[in-house]
Amino acid sequence: MMDHFVVEGGRPLSGTITCSGAKNAALPLMAASLLTDGVTVLNNIPDLQDVRTMAMVLRVIGADVRIEEGTLTIDCSHCNFWEAPYELVRKMRASFYVLGPLIARFGEAKVSLPGGCALGPRPVDLHLKAMKRLGCDIYIESGYVNVKAKSLKGTRINMDVSSVGATGNLMMAACAATGTTVINNSACEPEIIDLANMLNAMGADINGAGSKQVEINGPVDLKPVKWKVIPDRIEAGTFLLAAAVTRGKVTLKECRADLMYTVLDKINETGVNIQIDNDSVTIDARDVKPCATDVITEAYPGFPTDLQAPWTVFMSLAKGDSILTETIYPERFTHVPELIRLGAQFRKKLNSIYIEGVERFTGASVMCSDIRAAAALVIATLAAEGTSKVLRVYHLDRGYDRMEDKLSKLGAKIRRIRE
Ligand code: UD1
């Protein structure tokens, strides 16, 4: 489906919406259900294409998966196949999350290598190195990673780079390893903490999740649980920036401010007001001309790379010039030439872009190339004067829960044209 949006921009967003569950937590939690031979129930599941893709991956493995209004019921009692096919993995790299659980449950796995990505190179070498250290034999043939593990043994594993996916995969595999596995330089992202918390509720013995060193004791027998996915801090950040670029006032409910202080502080630094009350966050950008502020993307708790593209939109319409440096995916700039079509002014040098604040954007047709670039283009067109078309919104549908409905609720004029 090549749906597109027609957006009539130049209207400040105003009102209240509720945040959805986090995509990047839901996907590994779904994979974790494979570690048991019972029925896992996940609540607060966002309505996303990536969730449906992961459901298909689990079904190939033999799981019975039901999706009903934000609840996923995953019955893994009949899983008997340890393969994740190219047709699904190439659509969504996070399918690779089944590797760890398959190794833990069957001692065997055959998972397609993900291949290329619009964000630039995204290798899986750290995942494979970690599984080898646990005692797996690995060979790559015909585009597939084949893994056999006679026995898994806990050990010390140093991650050269902090990787969300490799940390999650290893945590899941290590639950089946004998002895203690120590992950050094583990990813500290909140979604990793959510995974560790769910695994512990299932009977795992994991300590230190959220810090640079995680310890897993095994082997353990895991039981299925009912679990509620944490709110999506990236979706929340995207809506805050949408409010900021349209100079509106928006309240987000069920928003975990404590998971996004870096982003909230950065927005505050520009002169835009942020107010935090219990589980809600309000941004008020009315009558403010935000000041340009530099940003460097970093692993959590740094500024998230997943908000880099929306942030460039914000800075393009701010007062003054700023520099944005991308340290996680140095080539993640496919939104830049599209934003130039709306009137943005950029100079790119290595992994940085120099952003010149402009007075206004004017509507144009733009094309999405990945989930967050798509979000950036949508919020840019909301700020642009006149009518815009946003093409290839299937990228947006992968990662945002009915974004156009939420934006409409805030007063945006955005229409989906089905093709
Ligand atoms: C996750 C998120 C994605 C986010 C990214 C970085 C999910 C489903 N996706 O992706 O939205 O943009 O974290 O916050 O949670 N690397 C290697 N070798 C590896 C693995 C990673 O060199 O084997 C590098 C990557 O190229 C990148 C860095 O490590 O430079 C971080 O990537 P990683 O944290 O693994 O990202 P993902 O888990 O794929």
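Which residues, counting only those in the range 258-271, are assigned to a helix (DSSP H, G or I) and either open to solvent by 50 Å² or more (accessible area, probe 1.4 Å) or closer than 26 Å to LYS319 by Cα (or both)? Those that are assigned to a helix (DSSP H, G or I) and either open to solvent by 50 Å² or more (accessible area, probe 1.4 Å) or closer than 26 Å to LYS319 by Cα (or both): ASP258, TYR261, THR262, VAL263, LEU264, ASP265, LYS266, ILE267, ASN268, GLU269.
Within the range 33-49, the only residue that satisfies the criterion of being in contact with a Pro (Cβ under 7 Å, 6 or more places away or on another chain) and either open to solvent by 30 Å² or more (accessible area, probe 1.4 Å) or on the phi > 0 side of the Ramachandran plot (or both) is VAL39. Pull out all pairs, ordered by first then second residue, where Cβ-Cβ is under 8 Å, the residues are six or more apart or on different chains, the first lies in the range 149-174 and is closer than 21 Å to SER33 by Cα, and the second is among the basic types (Lys, Arg). Cβ pairs passing all conditions: GLY165/ARG93. Could you check how many residues of the range 308-332 are among the polar types (S, T, N, Q) and more than 17 Å from VAL164 (Cβ to Cβ)? Residues meeting the conditions: 4. Only one entry in ILE138, ILE216 is within 15 Å of the ligand (Cβ to nearest atom), over 29 Å from ASN351 (Cα atoms) and touching a helix residue (DSSP H, G or I) at 6+ places or on another chain (Cβ under 9 Å), namely ILE138. Selection over the range 102-120 of residues that are over 21 Å from the mean Cα position of the chain (by Cα) and at pLDDT below 95 gives a count of 0. Taken over the range 94-145, the residue count meeting the criterion of being part of a helix (DSSP H, G or I) and under 22 Å from ALA373 (Cβ atoms) is 3. Restricting attention to the range 100-134, which residues are within 24 Å of GLU215 (Cβ to Cβ) and in contact with a Ser or Thr (Cβ under 6 Å, 6 or more places away or on another chain)? Selection gives LEU126, ARG133.
Candidates in the range 173-189 are the residues that are of a type in the set (S, T, N, Q) and more than 19 Å from ALA104 (Cβ to Cβ); of these, the one that is farthest from the ligand (Cβ to nearest atom) is ASN184. List the pairs whose first member sits in the range 119-133 and is more than 6 Å from the ligand (Cβ to nearest atom), whose second member is in a helix (DSSP H, G or I) and polar (S, T, N, Q), and whose Cβ atoms are under 9 Å apart, counting only residues at least 6 apart or on separate chains? Cβ pairs passing all conditions: LEU119/THR305; ALA130/THR167; ALA130/ASN169; MET131/ASN169.
A count restricted to the range 150-172 and to residues that are in a loop (DSSP other than H, G, I, E, B) and near the ligand (Cβ under 9 Å from one of its atoms) stands at 5. For the range 11-32, a residue qualifies if it is surrounded by 19 or more Cβ atoms within 10 Å (Cβ to Cβ) and away from the ligand (no atom under 16 Å from the Cβ), and the qualifying residues are LEU13, ILE17, CYS19.
Of all the listed residues (ALA130, ALA166, ALA174, ALA149), the sole one being more than 24 Å from ASP194 (Cα to Cα), surrounded by 17 or more Cβ atoms within 10 Å (Cβ to Cβ) and either among the small types (Gly, Ala, Ser) or touching a strand residue (DSSP E or B) at 6+ places or on another chain (Cβ under 8 Å) (or both) is ALA149.
The values are calculated or read from the model by the stated rules, or taken from the named source; none is laboratory data. Source: prediction; values computed, not measured. Quick reminder, even Gly has a Cβ in these numbers, built from the backbone with ideal geometry, and neighbours come from all protein chains shown. Each accessible area value is taken on the protein alone, full model and side chains, heavy atoms only, with ligands, DNA and RNA left out. Shrake-Rupley method; radii C 1.70, N 1.55, O 1.52, S 1.80 Å.
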